[in-house]
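A quick write-up on the structure given underneath.
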Amino acid sequence: MKTQARVRVTEAQINTLIAKGKARAKQPHAIAVRFDSKRDRYEIEMSTGGAFAVPLRALKALPASASRAALAKVRVMPTGSSLWWDTLDTGYHVADLEVIALGPSAAARSLGRIGGAVTTAQKAKAARENGKRGGRPKGTAKA
Amino acid sequence: MGTIQSRGFALKIFPKDHEPVHAHVEFDKGVLIIGFSDDEVTPLEIRGTVRAPDVKKALFAAAVVYDAVLAEWKKMQR
């Protein structure tokens, strides 16, 4: 039997999402994509001025039987967080493509470094509290 | 494959995407992400600019293709 789904939403929820959406649009995102048919790879240009490339063979969601014309018909979706192939009716998120390009372990290291470098009020407070207890344990020198 | 049409809206489902079940609806300057669970549709995220009336229209369009989106999601996550 067909489900008659309910719509669950409030005006406040919509307004919050709209405000967050505008802020999110300022984050780094893709601004262009090009299929390099000679090298069989996609080149993605970012709003930061940087760019990266992903080999076609790594994109398993694209059918192996796809024509070169269909593979080349790719576009950046609004806000630049995803790519979409209209003819093939499939897509990839740019964040996932970055992981494919860098490799999962390199991507995780980068994210870890970025996360660790973030300074927040909570982290500063925790550091002060830890300092009252004597701070980090002193290392014992070994000859 | 990844797109389900409903009342003039195209709901896009990405392969190997993260839970919860969701679809992306494109607008001129933004994307609305709609969640599908427990027989309900709800807005999860907006990226860029989407007008409030468009959010509501897209949600009602999504509600009538609930089953189709769930079926497509299963197919796309294999």
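The values are calculated or read from the model by the stated rules, or taken from the named source; none is laboratory data. This structure is a prediction, so every number in the text was calculated from the model and none was measured. So basically every Cβ, Gly included, is an ideal-geometry build from the backbone, and we count neighbours across all protein chains shown.
Residues that are among the aliphatic types (A, V, I, L, M) and outside any loop (DSSP other than H, G, I, E, B) were ranked within the stretch A:2-16; the one that is farthest from the other protein chains (Cβ to nearest Cβ) is A:Ala12. Scanning the stretch A:19-38 for residues that are in contact with a Phe, Trp or Tyr (Cβ under 9 Å, 6 or more places away or on another chain), within 11 Å of chain B (Cβ to nearest Cβ) and within 29 Å of B:Val65 (Cβ to Cβ) turns up nothing. Going by what's in this entry, would B:Phe36 be described as touching a residue at least 12 places away in the same chain (Cβ under 8 Å), part of a helix (DSSP H, G or I) and within 9 Å of another protein chain (Cβ to nearest Cβ)? Judged against the criteria, B:Phe36 is not a match. Taking residues in the stretch A:21-37 that are without any contact (Cβ under 8 Å) to a residue 40 or more places away in the chain, and partners anywhere that are among the hydroxyl-bearing types (Ser, Thr, Tyr), the pairs with Cβ atoms closer than 6 Å and at least 6 places apart or on different chains are A:Pro28/A:Ser47; A:Pro28/A:Thr48; A:Phe35/A:Tyr42. The set of residues in the stretch A:86-143 that are hydroxyl-bearing (Ser, Thr, Tyr), surrounded by 10 or more Cβ atoms within 10 Å (Cβ to Cβ) and at pLDDT 70 or above comprises A:Thr87, A:Thr90, A:Tyr92.
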